[in-house]
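> Take this structure, written in structure tokens, and hold onto it; I'll ask about it next.
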Amino acid sequence: MQELVLIQPSRTVEDELAQEQAHAALRREFEKRLAECGPLAFRVARGVLRNSADAEDVAQEAILRAYRRFERLRDRERFRSWLVRIAFRLAIDRTRSSKRREVRETLWSQAAPRPSTEDLAASSEFQEHLDRAMEELPEKHRLVLLLAAMQGHTLEEVAAMLGLPLGTVKSRLFFARKQLAEKLRCRVKTIEKR
Amino acid sequence: MPCENYREALIEAAAAGNAPARELRLHRDSCASCRASFDEERQLFAAIDADLRAAVNSEMPPAFFARVRAHLDIAATPRPRWMPSLIFASAAVAVVFLLLVAIHALHTPGKDLVRQLPVALLTTPSRETPAVPGRQDAAGLPARAASHPNRVPALRNAGALHGAASTSIQLEVIVPPDERQGLTHFIATMQEGRDLTVAPAPNMKDERMSMPLLQIAELEVQPLEMDKSDVPDSKKEKQ
Ligand SMILES: [Zn+2]
């Protein structure tokens, strides 16, 4: 290394300049992808974690990982698909951390029960049950469910994002919803009776 | 078709988010029980969908991108050029420090360091340095290095190994037990093609604790006795 510097100093400087320019170009390209797909990473994480602060941490981690291997992920579809999957995986891992779970359960138990059960989705108890039912779903079903719930994503887009046939996405969605309903049916009835 | 089957089909229609088929619709409209069941099911799916949509479509924190960019900047910052040199310099300082500590420990009486380390002995044949006459160990090895009492055990081990090696320089190397074999192998590799022999250290597990402490006796400086033959030249000239 040092010998090279001594023999051809000007060339090394040129190399460094070229390298810096390449890095800058790569960064610009990454920023573009980030603007397109960053919200997706956050939303997937948010769907799993149900907490914006945690979701932001996870999305940032996913984005950093994507940045480190961006040279292999320059293709737009590939990048989006990879980012969604890694954000989902990191979020799942975080949910599984027992400490976080404990905190969340404490928060649930501390949350004041809503007097009306008319709007089930707004009931913290329902959310807790749904959370648990979601955790019990196979991951591939869960991911499709979250992506399909995102505004502006048709099932065709979800299929393209995951590199799956549309029929597979539809059947995964169907089974996921059915399974969730089965798990929640009894619990919801209990809430409604109160 | 019994109500049970209709109900199952209605639930599936609700799960798929599709409108029920004509036959199902007709039954639902005529059967209060199935209608109630279907409505319940639809309500449940609506609640699930609402919850999921709320979770995944929530607003992004306003500073999200700024924070991400800050992280990216940190990740993209190249290491300063002096960093490798600094690491190398630190490593060198650490090695020198460790050497000094080791040397200090070896020269401090009462330390058990030497006792804990087995001693490997390397023999290099040479005729330049004569052995001390009259002092031989049990195996007949000239005990040149044994003039220092603390070296005797190592030398005896070496003697057992080398048997009749008659003239040699004794190089003693202190090696931790787990490095002994590696060092021996290394030296053997290095010495390929040279006129050197290497003897691996014997297994000294049992003898390790019985090795005497390395002690350096205090230096006693005694007054010089003047010999008659030591008369200065000027006096000789006068005589
Ligand atoms: Zn019926």
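> For residue A:154, tell me the accessible area in Å² from a 1.4 Å probe, rounded to the nearest 10.
Rounded to the nearest 10, the figure is 70 Å².
> Provide, as a two-decimal number, the C-alpha radius of gyration of region B:3-56 over 2.2 N^0.38 Å, N being how many residues it has.
Cα-based Rg divided by the globular estimate yields 1.19.
> Something else about it: Let me confirm one metric for peptide B:42-49, namely the mean number of other chain beta-carbon atoms within 10 Å of its residues' beta-carbons. Numbers along the way, then the final one.
On the way: counts 0, 3, 10, 5, 3, 11, 14, 5.
Counting Cβ atoms of other protein chains within 10 Å of each residue's Cβ and averaging gives 6.
> Using Cα-only point scatterers and the Debye equation, what is log10 of I(q)/I(0) for region A:121-193 at each q in 0.14, 0.24 Å⁻¹, rounded to two decimals?
So the normalised log intensities are -0.47, -1.02.
The values are calculated or read from the model by the stated rules, or taken from the named source; none is laboratory data. Keep in mind the model is a prediction, meaning the values are calculated, not measured. For neighbour counting, all protein chains shown are included, and Cβ atoms are generated from backbone atoms with ideal geometry for every residue, glycine included. The protein model used for the area step is the full one, side chains on, heavy atoms only, and it has no ligands, DNA or RNA in it. Shrake-Rupley method; radii C 1.70, N 1.55, O 1.52, S 1.80 Å.
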